[in-house]
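Remarks on the structure that follows.
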Amino acid sequence: MITFGYDCPYCAKKDVAFTIRHIASNVADTGKYRGQTVHNVFATCNHCFSGITAMYILNNSDDYINGMPSANGLIAAVNDKLVHFFDDVFDKKLAWFPEPPISVAPQYLPVDVERKFLAGEKIYFQTKHDENLVEFAGTAYRSALEQALKYLDDNSDKNLNRRINHLVKTQVLVKSMGDFAHTIRSLGNEATHNEISADELDKLRLFTQLFLQYAFTLPAMISNKP
């Protein structure tokens with residue numbers, strides 16, 4: 001048994017234990033890896049049991065692993081009841097596929113807006129394994145919009161609906177972006193008080209990204225242009 005820690009791209013658990021389940025080994029006689037030993041490695045997350053894969057390439061098929069020629073040594077380590085740690089078997093890191101998702105906020109956001117948006121992103125990736133978190137992600141995106149609008153309109157007496165309408169009326173937002181904001185508000189309200197689907201969450205996420213880019217990223221890029 002070979003185990004290692006990895007950020008799961010499916011359930012979004014950080015540094016969760018993975019177990020290598022299978023290794024298929026071949027000496028390539030054509031193509032990019034001709035003359036090299038190619039080991040295709042398959043591992044599963046110990047939390048959600050989803051799989052990832054990687055290639056382990058050796059220049060010399062006679063290299064010894066686990067006290068045996070590489071292919072035999074790897075297979076023996078996988079099937080061994082004794083736990084082998086990754087670094088005890090492999091001499092380099094592997095490029096696993098798929099890679100863990102990376103939360104990236106639009107550029108030039110105020111710190112508190114970025115924090116709320118990234119909170120939504122973190123929960124969003126977790127919904128891929130746990131649909132019970134969809135509403136929480138939706139609420140976080142709505143919160144990011146609400147915080148963002150405070151930078152565009154400092155009148156704290158208005159509720160979110162009236163704030164958006166005021167920004168459109170005063171031409172701080174064009175009508176299309178006001179419609180974007182209302183869509184985020186509406187879906188966010190649904191997430192808070194009822195339920196939204198995974199497809200609706202995808203729409204809410206996209207609209208939030210686009211709105212923040214329009215409100216903060218593009219103006220900053222223009223003002224920073226030489």
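The values are calculated or read from the model by the stated rules, or taken from the named source; none is laboratory data. Given the structure is predicted, the values throughout are model-derived calculations rather than measurements. FYI the Cβ positions are ideal-geometry reconstructions off the backbone, even for glycines, and counts take in every protein chain you see.
Here are a few things to note about the model shown:
- Enumeration of residues in region 93-117 that are assigned to a loop (DSSP other than H, G, I, E, B) and in contact with a strand residue (DSSP E or B) (Cβ under 8 Å, 6 or more places away or on another chain): Leu94, Ala95, Trp96, Pro98, Pro100
- Residues of region 36-62 that are outside any loop (DSSP other than H, G, I, E, B) and of a type in the set (A, V, I, L, M, F, W, C): Val38, Val41, Phe42, Ala43, Cys45, Ile52, Ala54, Met55, Ile57, Leu58.
- Selection count where residues are surrounded by fewer than 16 Cβ atoms within 10 Å (Cβ to Cβ) and either outside any strand (DSSP E or B) or touching a Gly at 6+ places or on another chain (Cβ under 6 Å) (or both), scope region 18-35: 7
- Qualifying positions in region 139-178 - within 13 Å of Tyr214 (Cα to Cα) and surrounded by 14 or more Cβ atoms within 10 Å (Cβ to Cβ): Leu145, Ala148, Leu149, Leu152, Val172, Leu173, Met177, Gly178
- Which listed residue is of a type in the set (A, V, I, L, M, F, W, C), touching a Leu at 6+ places or on another chain (Cβ under 7 Å) and not assigned by TED's automatic domain parsing to the domain that holds Arg185, from Ala105, Ala137: Ala105
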